1. Measure out, as a whole number of angstrom, how far apart the alpha-carbon centroids of segment 105-176 and segment 1-58 sit.
2. Ordered by packing density, taken as the mean number of other Cβ atoms within 10 Å over each peptide's residues, highest first, how do 28-37, 164-173 rank?
3. With +1 on each Lys and Arg Cβ and -1 on each Asp and Glu Cβ, and nothing else charged, work out how big the dipole of segment 76-176 is about its Cα centre, in Debye to the nearest 20.
4. Using a cut-off of 24 Å between alpha-carbon atoms, which lysines can reach LYS36, once sequence neighbours fewer than 8 places away in the same chain are excluded?
5. With springs only between Cα atoms under 10 Å, which of PHE95, PHE122, PHE137 fluctuates most in a Gaussian network model of the chain?
6. For segment 132-176, what does the relative contact order come out to in percent, with C-alpha contacts under 8 Å and a separation of six or more?
7. Here are a few candidate values for Rg and Dmax of the Cα atoms in Å: [x] 15.2, 45; [y] 23.4, 80; [z] 16.8, 60. Which one was actually calculated from the structure I just gave you?
8. Subtract the Cα-Cα distance of ARG105 and TYR2 from 0.36 nm times their separation in residues, and report this length gain in nm to one decimal.
Amino acid sequence: MYLFMYEFPFYKGSTKTLHISNEEEKKVGSLKRYYKHKFQKVIDRIISSDLILNVQTYDENQEMFCNIKEDMHFKSWLRSSWQGQSRNLGNFQLFDRTKIKTHPRMELVTEAGDTYFMTKNFGNRKISITNEQKELFVEMTYEKVLPPYNIRITLLNEKLHILEVAAIHFIFNMRY
């Protein structure tokens, strides 16, 4: 079991670099939201601060570890999806499977054929990542209700890397 933390920003539209640390407060990486070009940034600021979500994570040597880009096509306006690349998982896709806003769900499908489900229930501060067999891989919690709040990520399995989990959690938290 491994414990990691990062502070979620107060302003959801922020492109500030967020530092991810382990339980000894040692920096293990960073997370950053980005826009592909200025037009995306302007549209996102005008309409909503969570319309376009692209995230990159960097390891402690400032080398890119994971990159997740939102698909921008007509179908994605109804149900969002993301394309990702990571050193650990390879290529993967992230799908929004939410039917009811109070019970958000996301699905992560890797190139190797593994499927992971990210869920949160109404009134519960815990977000969990499980596989198809309902094995718990990751638990995420936060301490305060209002931002900025500290996110605690507990890795229960080494199949997923903390920088991938933090990026996916950031997208999940921005959307819901």
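1. Computed from Cα coordinates, the inter-centre distance equals 15 Å.
2. 164-173, 28-37
3. Dipole magnitude for segment 76-176 comes out near 520 debye.
4. Cross-link targets: LYS12, LYS16, LYS69, LYS75.
5. PHE122
6. With pairs under 8 Å counted, the relative contact order is 29 percent.
7. Structure-derived value, by its label: [x].
8. Roughly 34.7 nm would be gained on extension.
The values are calculated or read from the model by the stated rules, or taken from the named source; none is laboratory data. Nothing here was measured: the structure is a model prediction, and the numbers come from that model. Note: ideal-geometry Cβ built from the backbone for every residue, glycine included; neighbour counts use all protein chains shown. In case anyone asks, the SASA skips ligands and DNA or RNA and just uses the protein heavy atoms, side chains included. Shrake-Rupley method; radii C 1.70, N 1.55, O 1.52, S 1.80 Å.
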